[in-house]
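This report concerns only the one structure given below.
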Amino acid sequence: MPFDADSRFAPIAGSDIALTAAKIFTRPEEHAGGVYTLTGPVEYSHQELAAEVGRVLGRDLPFEQVTVTTFLELIGEPGDTAKLKHFEAVTIDQREGRLAGVTDTAPRITGQSLQTVEDFIDEHRSRFELPYAVTTG
């Protein structure tokens, strides 16, 4: 990851963001002028997140920090200037603690619980399977 091991954030699933936005758009008068910070249900450091993903997948998944450029190469997006600028900005925001913390905004607006990291991996497990992955036991 291009982020510091100890920087903290609460990852939120795109589907939870989309549902929150849809709920806002169905009753815009209730949200006019509102500014919302959306977070996932659990705050992690990137090192903790790697451990949680590894636990759910049943394999050792140590955290390793790389440059943003290397990260984009690893995810198959080399040369994507928009993603480069985005991840560089997020790296700074996380380093400065701007993304730390958990809010109740999304579950309050949607009326339902948010996906956890485990829920997300279970829903998208095929994307996490690698032919060369070693299972720990």
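Taken over the range 102-122, residues that are closer than 11 Å to A13 by Cβ, touching a helix residue (DSSP H, G or I) at 6+ places or on another chain (Cβ under 7 Å) and hydrophobic (A, V, I, L, M, F, W, C) amount to 4.
Quick one: in the range 1-26, of everything that is aliphatic (A, V, I, L, M), within 12 Å of I109 (Cβ to Cβ) and touching a residue at least 12 places away in the same chain (Cβ under 8 Å), which residue is most open to solvent (accessible area, probe 1.4 Å)? Among those that are aliphatic (A, V, I, L, M), within 12 Å of I109 (Cβ to Cβ) and touching a residue at least 12 places away in the same chain (Cβ under 8 Å), it is I17. The set of residues in the range 94-104 that are outside any loop (DSSP other than H, G, I, E, B) and surrounded by fewer than 15 Cβ atoms within 10 Å (Cβ to Cβ) contains only R95. When you check R125 against the structure, is it closer than 19 Å to D16 by Cα, of a type in the set (K, R) and either open to solvent by 40 Å² or more (accessible area, probe 1.4 Å) or touching a residue at least 60 places away in the same chain (Cβ under 8 Å) (or both), yes or no? Answer is yes for this residue.
Checked against (1) under 18 Å from P11 (Cα atoms); (2) at pLDDT 95 or above, V68 passes all but a single condition, namely (1). Cβ separations smaller than 7 Å between residues 6+ apart or across chains give the following pairs from the range 88-113 residues that are in contact (Cβ under 8 Å) with a residue 40 or more places away in the chain to residues that are open to solvent by 90 Å² or more (accessible area, probe 1.4 Å) and assigned to a loop (DSSP other than H, G, I, E, B): P107/S113. Out of the range 32-59, which residues are open to solvent by 80 Å² or more (accessible area, probe 1.4 Å) and more than 20 Å from A106 (Cβ to Cβ)? Q47, E48, R55, listed by residue number.
I need a count of the residues in the range 49-61 that are in a loop (DSSP other than H, G, I, E, B), within 18 Å of F120 (Cα to Cα) and touching a residue at least 24 places away in the same chain (Cβ under 8 Å).
We begin by selecting, within the range 49-61, every residue in a loop (DSSP other than H, G, I, E, B); these are 58-61.
If we keep only those that are within 18 Å of F120 (Cα to Cα) as well, we get 58-59, 61.
Checking the rest, the ones that are also touching a residue at least 24 places away in the same chain (Cβ under 8 Å) come to 58-59.
Residues meeting the conditions: 2.
Restricting attention to the range 108-137 and to residues that are at pLDDT below 95 and of a type in the set (G, A, S), the residue that is nearest to P62 (Cα to Cα) turns out to be A133. Criterion applied to E88, E73, E64, E29 was being exposed (fewer than 13 other Cβ atoms within 10 Å of the Cβ) and more than 23 Å from F120 (Cβ to Cβ), and the one residue passing it is E29.
The values are calculated or read from the model by the stated rules, or taken from the named source; none is laboratory data. Please read these numbers as outputs of a predicted model, since none were measured by experiment. When we count neighbours, we look across all protein chains shown, and the Cβ atoms used for this are built from the backbone with ideal geometry, even at glycine. The protein model used for the area step is the full one, side chains on, heavy atoms only, and it has no ligands, DNA or RNA in it. Shrake-Rupley method; radii C 1.70, N 1.55, O 1.52, S 1.80 Å.
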